[in-house]
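Right, one structure below, let's go through it.
Values quoted throughout were computed directly from the atomic coordinates according to the rules given, and no laboratory measurement underlies them. This is a predicted model, so every value here is computed, not measured. As a convention, Cβ positions derive from the backbone with ideal geometry for all residues, glycine included, and neighbour counts pool all protein chains shown.
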Amino acid sequence: MKNLTLVLVLSFTLTSVFAQNGMYKREMKKNINLLYSAKDIAEYQTIANKFDLIAEKEKDEWLPLYYASFARILMSYKEQNGEKKDALLDEAQKPLDKAFKIKEKESELFVLQGMLYQARISVSPMARGYRYSSLSNNFLEDAQEIDEENPRIYYLEGMNALNMPSMFGGGKEKALPYFQKGKEKYDKFTTSNELMPNWGKKTNKAKLEYCKEQ
């Protein structure tokens, strides 16, 4: 009788876990799709909040934290006020820091940190350009050491080079090889996990064409 009770308890526990996992994947997929189609600050905020809730329930998962941070970085691009932009990026840093504690050797997290530093530059390009572009490149180099096939590394390196003044070694000509490398990696990129990051291909292609223009 005791063995039967134990089997029933284990069966119920496993069923609950699988049910929760299925719900987790459905909620993640739904909100990832909403994130990629968001158009304004309000939409990004709503989605960021949803990822916060998922992360609170799934404390061992790094992807909800990743997307909670990513949504706020994208939101910062829509914000024109420098102080508010910095505040959004401060909020983006918090879930990213938590994600690093869960999976400290994940290429996508290093890429996102590099992206966050790039977003900091736009608050004051002249005052922040050198410091934050250097920090960004450092994290992108770390991402490459972990997974050199990650196409977002080269896309963001291209953005760093493109936005850097020519007097400091930036511009179209310097950025072009990065976007070309990015295209090669994007064309080969595959993942068996539909929840993994899969962004940047269209923008990389557009920047590649832009840098080819004379």
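Hey, any hits in region 145-160 for a residue that's free of Cβ contacts under 8 Å to residues at least 40 places away in the same chain and among the hydrophobic types (A, V, I, L, M, F, W, C)?
Checking region 145-160: not a single residue is free of Cβ contacts under 8 Å to residues at least 40 places away in the same chain and among the hydrophobic types (A, V, I, L, M, F, W, C).
Looking at region 34-87 only, could you name the residues that are crowded, with 16+ Cβ neighbours inside 10 Å and not in a helix (DSSP H, G or I)?
Hits for region 34-87 are A38, E58, E61, W62, E79.
Which of the residues belonging to region 114-158 are among the polar types (S, T, N, Q) and either in contact with a His (Cβ under 8 Å, 6 or more places away or on another chain) or buried (at least 17 other Cβ atoms within 10 Å of the Cβ) (or both)?
Answer for region 114-158, where residues must be among the polar types (S, T, N, Q) and either in contact with a His (Cβ under 8 Å, 6 or more places away or on another chain) or buried (at least 17 other Cβ atoms within 10 Å of the Cβ) (or both): Q118, S122, S133, S136, N137, Q144, N150.
Given the options L34, L140, name the one that is free of Cβ contacts under 8 Å to residues at least 24 places away in the same chain and in contact with an Asp or Glu (Cβ under 9 Å, 6 or more places away or on another chain).
Being free of Cβ contacts under 8 Å to residues at least 24 places away in the same chain and in contact with an Asp or Glu (Cβ under 9 Å, 6 or more places away or on another chain) holds for just one of L34, L140, which is L34.
I'd like the full set of residues that are in contact (Cβ under 8 Å) with a residue 12 or more places away in the chain, farther than 18 Å from E108 by Cβ and not in a loop (DSSP other than H, G, I, E, B), limited to region 185-213.
Within region 185-213, K205, K207, L208, Y210, C211, K212 meet the criteria.
Please go through region 102-126 and pick out each residue that is of a type in the set (A, V, I, L, M), in a helix (DSSP H, G or I), touching a helix residue (DSSP H, G or I) at 6+ places or on another chain (Cβ under 9 Å) and more than 20 Å from A55 (Cβ to Cβ).
Within region 102-126, A119, I121 meet the criteria.
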